[in-house]
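Note sheet for the following structure.
What follows is calculated from the coordinates using simple rules that are stated; it is not laboratory data. The structure displayed is predicted, hence computed values, not measured ones. Neighbour counts are summed over all protein chains in view; Cβ atoms, including those assigned to glycine, are modelled from backbone coordinates with ideal geometry.
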Amino acid sequence: METIKIPGLLVNTSRIGLGTWAIGGWMWGGSEESEAISTIHAAFDNGINLIDTAPVYGFGCSEELVGKALADGWRGSAIIATKVGLDWEAARFCATLPQHD
């Protein structure tokens, strides 16, 4: 796996990252926890150490699964890219909000 050095990080970062949007479940069909964790482990086994996640991916489910997968000894070599700014109260009602033109 090709890696790059990002200033300020202690480990090199894989040029390919694993996106965890779908493993968050919710409106994306859900996922089996053991399969999600196995997928994250397979990424690390293949040299991918950049994990993209966000609290909006399943309202935190994706981040919880990433945490469980990394608890198996991978945390020291993981680069986690996440986002901020989810309004948890408003997010509950996103599906019912009216569309604006």
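In terms of the Cα gyration tensor, with a ≥ b ≥ c the square roots of its eigenvalues, is the stretch 40-82 rounded because a/c is under 1.5, prolate because a/b exceeds b/c, or oblate? Note, shape of the stretch 40-82 comes out prolate.
The modelled label-to-label distance between residue 5 and residue 38, using points 7 Å beyond Cα along the C-beta direction, is 3.8 nm. A simple packing score, the average count of other Cβ atoms within 10 Å per residue, orders the peptides 56-62, 68-74 as 56-62, 68-74, with the highest score first.
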